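S.K.: Could you have a look at this structure, given as structure tokens, before my questions?
Laboratory data are not the source of any read-out in this text; all were calculated from the coordinates shown. Since we're looking at a predicted model, the values are computed, not measured. All Cβ positions, glycine included, derive from the backbone under ideal geometry; neighbour counts span all protein chains shown.
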Amino acid sequence: MSGILNSSIGRKFAMALSAFFLMIFLVMHVSINFTSVFSAELFNNMSHFMGTNPVIQGLMQPILIIGVIFHFVMGFVLEAKNRSSRGSGYAKNAASNNSSWMSRNMLLSGLVILAFLGLHFYDFWIHEMTVKYVEGNMSGLIDQNQPELGFRYYEELRAKFVDPWRVIIYVVSFVLLALHLLHGFNSAFQSLGANNKYVRGLKGFGKIYSFGIPALFIFIAVYHHFAN
Amino acid sequence: MNLTLKIWRQKNANDKGKMMDYALSGVSPDMSFLEMLDVLNQELIEKGEEPVAFDHDCREGICGTCSLYINGRAHGPQTRITACQLHMRSFKDGDTIYIEPWRAKAFPVIKDLIVDRSAFDRIQQAGGFISVNTSGNTQDANAIPIEKEHADKAFDAATCIGCGACVASCKNSSAMLFVGAKVSQFALLPQGQVEATDRVLNMVKQMDAEGFGNCTNTGACEVECPKGISLENIARMNQEYLKASLKG
């Protein structure tokens, strides 16, 4: 069993499992974010729950961070190994005849997503960690002395999308996420050994997922920009 | 047809190698690609130059010996054929044709367009076989019932000729289509079940030891495979490997 982790197929399994984990997380993330479009109160309540629940904060959040780091590190490790396996390249290579751009450029789309995650963490996560665990303010209120003003999450979300450049960066990043998912969704099934008539039927769902999730994220960013 | 050929020339395994240009005229559209190279070599020999070394044997798409990367594609622009089955009618008068060897660290160039594909042999030796008692009491294979679907899939996998186009086309130089086909052709049949666990573990171990890359499921191998070996075989190998690892 230990050998599997050091084998090329084992690395594929690990990459696919972390991908599935992150794809499930994206569904949860976009579902909560989307509530901000139609109900500030619901968004605030859900954000407060997610931000203060000890199981989510103490267990799920570290697992998520480990999952994200693992997926990126494993991606870089695989890329480095693959490049060394190729050695010298061809004088003429017509790769577009046999494979999609997305499948050949997972590293590029992954790097854009990684850069976006840096901005996203800077925008929301670091701020949250500072308020809650450095300043010790777990109330989630706009002003602790004026609880009638309510939770701060919706207001902070709105404020982030005032800047059009931030919205543009978000949109571009989500387009790259869509391209990444477009190959990654089916690739994860293939890596786990699932390539039969039932799984092939999931291809259509994979396309809906790959375009749908980023499209919802884009809609949320653009909506709050113009609603401002 | 008049052609400009850009061909990889490399004296030996240690030589750096480079692309060289050759003008070739009077090429018939009915020539096979390898016959065109024969004509070029005849001209080079008559001029006292070193002919271009390239692999070939049966010249009918069965042996898996020819290994040319033509205009950026393994076995050239047509699908489901080997380079020896490619004809010059696939090109136009005045075309420039790039001819290169397979590129992969596990397939080092020996000379010009010839690469060392013995890594495939070693993978095959690691488990691509069944051990059958041949002492006279061997069961007639036709007496063993096999589902039609499995028999067909095993046969499809067994059509792999081991040419290495999958490795050459893969941006990662992964050999998983080849190994997947070899694992599948036995895994699908009862005769292959006895050694199934050791087979997949040993063949994958050897594949990794040879320095092939990791499959990232681009599907280039399936498109360029002259025998149309399906990616389904890689998925089956992954399943077999997981099962074997859990057992072992």
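S.K.: Just to be sure I understand the model, the point goes 7 Å from the Cα along the line to the Cβ. What's the resulting B:Ile130 to A:Asn53 distance in nm?
M.R.: 5.3
S.K.: Pop a pseudo-label 7 angstrom from the Cα along the beta-carbon direction at both A:Trp125 and A:Ser84 and give the gap in nm to one decimal.
M.R.: Spacing of the two 7 Å Cα→Cβ label points: 2.9 nm.
S.K.: Give me the base-10 log of I(q)/I(0) for chain A at each q in 0.16, 0.18 Å⁻¹, Debye formula, one uniform scatterer per Cα, rounded to two decimals.
M.R.: With one equal scatterer per Cα and no solvent, log10 I(q)/I(0) is -1.24, -1.47.
S.K.: A further question follows. Would you list, by chain and number, the lysines whose Cα falls below 29 Å from the Cα of B:Lys205, excluding same-chain residues fewer than 8 positions away?
M.R.: In chain and number order, the partners are A:Lys12, A:Lys81, B:Lys105, B:Lys111, B:Lys153, B:Lys171, B:Lys182, B:Lys227, B:Lys243, B:Lys247.
S.K.: Hey, another quick one. Between exposed GluC sites (Glu not before Pro) in chain B, where DSSP calls loop and at most 12 other Cβ atoms lie within 10 Å, what's the longest gap?
M.R.: B:148-248
S.K.: Across peptide B:168-175, how many C-beta atoms of other chains are within 10 Å of each residue C-beta, on average?
M.R.: 6
S.K.: Which whole-number percent gives the relative contact order of the stretch B:3-111, counting Cα pairs below 8 Å spaced six or more residues apart? Please report the intermediate quantities before stating the final value.
M.R.: On the way: 177 pairs, mean separation 37.3, N = 109.
Relative contact order comes out at 34 percent.
S.K.: Between A:Ile63 and B:Glu49, what is the label-point separation in nm under the 7 Å Cα-to-beta-carbon projection?
M.R.: Here the answer is 6.6 nm between the modelled labels.
S.K.: Moving on. How much of the pair distance distribution for the protein assembly as shown lies past 42 Å, counting alpha-carbon pairs only, in percent?
M.R.: 33
S.K.: If you don't mind, another one. Do you know the relative contact order of the stretch B:165-248, to the nearest whole percent, from alpha carbon pairs under 8 angstrom that are 6+ apart?
M.R.: Numbers: 97 pairs, mean separation 39.5, N = 84.
Reported as a whole number, the value is 47 percent.
S.K.: For chain A, which DSSP H helices look membrane-span-like by this rule: Cα extent along the axis of 30 Å or more and mean Kyte-Doolittle of at least -0.5? Could you put the intermediate results ahead of the total?
M.R.: Details: long enough: A:8-38 (46 Å, 1.48); A:61-86 (38 Å, 0.76); A:164-191 (39 Å, 1.15); A:202-227 (36 Å, 1.11).
Within chain A the helices that satisfy the rule are A:8-38, A:61-86, A:164-191, A:202-227.
S.K.: May I pose another question? For chain B, treating each Cα as an identical point scatterer without solvent, what Debye log10 I(q)/I(0) comes out at q = 0.11, 0.15 1/Å?
M.R.: -0.63, -1.01
S.K.: Here's another thing I want to ask about it. Restrict the search to the stretch B:112-209; then list the chymotrypsin sites (Phe, Trp or Tyr not before Pro) that DSSP places in a loop and that have at most 14 other Cβ atoms within 10 Å of their Cβ.
M.R.: B:Phe129
S.K.: Another question, if that's okay. Let me have the relative contact order for chain B, percent, based on Cα pairs under 8 Å that are six or more residues apart.
M.R.: 20
S.K.: Right, here's the next one. When Rg is the radius of gyration of the Cα atoms in the stretch B:118-247 and Rh is its Kirkwood radius, what does Rg/Rh come to? Can you show the working numbers first?
M.R.: Working: Rg = 14.6 Å, Rh = 15.0 Å.
Answer for the stretch B:118-247: 0.98.
S.K.: Using a cut-off of under 16 Å, list every residue of the stretch A:9-48 whose amide N is near the label point 7 Å from the Cα of A:Asn228 along the Cα-to-beta-carbon line.
M.R.: Flagged as within label range: A:37.
S.K.: Tell me, in nm to one decimal, what length is gained between A:Lys132 and A:Val77 on full extension, where the rule is 0.36 nm per residue of separation less the Cα-Cα distance?
M.R.: 16.3 nm
S.K.: What number, rounded to the nearest 500 deg cm²/dmol, is the helix-based mean residue ellipticity at 222 nm of chain A, given -39500 (n - 2.57) per DSSP H run of at least four residues and division by all its residues? All intermediate terms of the calculation are to be shown ahead of the outcome.
M.R.: Values: 10 runs with 159 residues, N = 228.
Calculated from helices alone, the mean residue ellipticity at 222 nm is -23000 deg cm²/dmol.
S.K.: With r as the distance between the Cβ atoms of A:Ser100 and A:Val199 and R0 = 22 Å, compute the FRET efficiency 1/(1 + (r/R0)^6) and round to 0.05.
M.R.: Approximately 0.75, to the nearest 0.05.
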